[in-house]
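Take a look at the structure set out below.
A short reminder: the numbers here are calculations on the coordinates, not readings from a lab. None of the values given here were measured: they were computed from a predicted structure. Here the Cβ positions follow ideal geometry from the backbone for every residue, glycine too, while neighbour counts run over all protein chains shown.
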Amino acid sequence: MTIGLYFGTQTGKTETVCGYIKDEFGDAVADAIDVSKKDLADFPNFDGLICGIPTWNTGAEELRSGTAWDELLEDIPDLDLKGKPVALFGLGDSVGYGEDFVDAMEELHRHFEKAGAKMIGYVSLDGYENFTSSRCLIPHLNEITKPEEGMKFCGLPVDEDSEGELTEERVKNWCTQLKLEMGL
Ligand SMILES: Cc1cc2nc3c(=O)[nH]c(=O)nc-3n(C[C@H](O)[C@H](O)[C@H](O)COP(=O)(O)O)c2cc1C
């Protein structure tokens, strides 16, 4: 099994997290690819995908990432990803941008679902104490939603700006979860 690892970034933090993921998976995950340098044609060739997206366009209805993902989103539903496991992680700042925490991750989720992907890697809100709302909370995706017990993020939020000390453990635990969900 080979899993594709893709990221968009402005200041490199999403790429850094790809490095932690690669360390956890080893050869099962391909080298991380910057989506600004590659089209999406290879997506269906992988057995699964892990995609990282930061949020820069605070509060925007659409195109919230501010990275190359914004230009690629519309193409994702046209890919044949039926049943393929896809996991998302989102970079954000739960203190500085706590009302719009990791909002761009929801857009990727929505477009991959339209392609028929099997979305995996959802995480509970445990340990995310700072943010006040997000569009990434299941069951209220794409609505500005305050956190409540029982909700889940539609991927792994990573906050290198305000909770950087938690990143490596969060990623490690998430990778363990992904391995189980992908049957590795
Ligand atoms: C101008 C600006 C706007 C931002 N908007 C948001 C936001 O709306 N939501 C959020 O969670 N983080 C927001 N952030 C934090 C970034 O997403 C965070 O720094 C992220 O780690 C950047 O990832 P990158 O280095 O891969 O580009 C913003 C940061 C800046 C400087």
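Considering only residues that are more than 11 Å from the chain's Cα centre (by Cα) and more than 8 Å from the ligand (Cβ to nearest atom), look in the range 100-111 and name the one that is nearest to Pro44 (Cα to Cα).
Restricting attention to the range 100-111, the residues satisfying the condition of being more than 11 Å from the chain's Cα centre (by Cα) are 100-101, 110-111.
Of the ones still in play, those that are also more than 8 Å from the ligand (Cβ to nearest atom) are 110-111.
On the way: Arg110: 17, His111: 14 Å.
The residue in question is His111.
Does Val17 qualify as being in contact with a strand residue (DSSP E or B) (Cβ under 7 Å, 6 or more places away or on another chain), of a type in the set (Val, Ile, Thr) and outside any helix (DSSP H, G or I)?
Values: in contact with a strand residue (DSSP E or B) (Cβ under 7 Å, 6 or more places away or on another chain): yes; of a type in the set (Val, Ile, Thr): yes; outside any helix (DSSP H, G or I): no.
When the stated conditions are applied, Val17 does not pass them.
Per-residue answers, yes or no, for (1) of a type outside the set (Ser, Thr, Tyr); (2) surrounded by 15 or more Cβ atoms within 10 Å (Cβ to Cβ):
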{"site": "Tyr128", "(1), (2)": "no, yes"}
{"site": "Thr132", "(1), (2)": "no, no"}
{"site": "Leu141", "(1), (2)": "yes, yes"}
{"site": "Cys154", "(1), (2)": "yes, yes"}
{"site": "Glu165", "(1), (2)": "yes, no"}
{"site": "Glu169", "(1), (2)": "yes, no"}
{"site": "Trp174", "(1), (2)": "yes, yes"}
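Suppose we keep only residues that are more than 16 Å from the ligand (Cβ to nearest atom) and closer than 24 Å to Gly83 by Cα within the range 116-126. Which one would you say is surrounded by the most Cβ atoms within 10 Å (Cβ to Cβ)? So that I can check it myself, show each step before the final result.
Step one: filter the range 116-126 for residues more than 16 Å from the ligand (Cβ to nearest atom), giving 116-122, 124, 126.
From the residues that got through so far, the ones that are closer than 24 Å to Gly83 by Cα too are 116-122, 124.
Working: Gly116: 14, Ala117: 24, Lys118: 16, Met119: 18, Ile120: 17, Gly121: 20, Tyr122: 18, Ser124: 11.
Checking each candidate, the answer is Ala117.
Hey, can you tell me all the residues within the range 12-26 that are surrounded by 13 or more Cβ atoms within 10 Å (Cβ to Cβ) and either among the hydrophobic types (A, V, I, L, M, F, W, C) or within 7 Å of the ligand (Cβ to nearest atom) (or both)?
Once the filter is applied, which keeps residues that are surrounded by 13 or more Cβ atoms within 10 Å (Cβ to Cβ) and either among the hydrophobic types (A, V, I, L, M, F, W, C) or within 7 Å of the ligand (Cβ to nearest atom) (or both), the range 12-26 yields Lys13, Thr14, Glu15, Val17, Cys18, Ile21, Phe25.
Would you call Met105 in contact with a Phe, Trp or Tyr (Cβ under 9 Å, 6 or more places away or on another chain) and assigned to a strand (DSSP E or B)?
Details: in contact with a Phe, Trp or Tyr (Cβ under 9 Å, 6 or more places away or on another chain): yes; assigned to a strand (DSSP E or B): no.
No; evaluated as a whole, the condition is false for this residue.
Would you pick out the residues in the range 150-175 that are over 16 Å from the mean Cα position of the chain (by Cα) and touching a residue at least 12 places away in the same chain (Cβ under 8 Å)?
Residues of the range 150-175 that are over 16 Å from the mean Cα position of the chain (by Cα), as a first pass: 150-151, 161-166, 169.
Correct list: Met151, Asp161, Ser162, Glu163, Leu166.
Check the range 174-184 and report whether any residue there is more than 23 Å from Phe25 (Cβ to Cβ) and either part of a helix (DSSP H, G or I) or acidic (Asp, Glu) (or both). Outline the logic, then answer.
As a first pass, look at the range 174-184 and keep what is more than 23 Å from Phe25 (Cβ to Cβ): none.
So far as the range 174-184 goes, no, none of its residues is more than 23 Å from Phe25 (Cβ to Cβ) and either part of a helix (DSSP H, G or I) or acidic (Asp, Glu) (or both).
Sort out which residues of the range 51-101 are assigned to a loop (DSSP other than H, G, I, E, B), on the phi < 0 side of the Ramachandran plot, surrounded by 15 or more Cβ atoms within 10 Å (Cβ to Cβ) and aliphatic (A, V, I, L, M), and write them in order of number.
Ala60, Ala68, Leu79, Leu81
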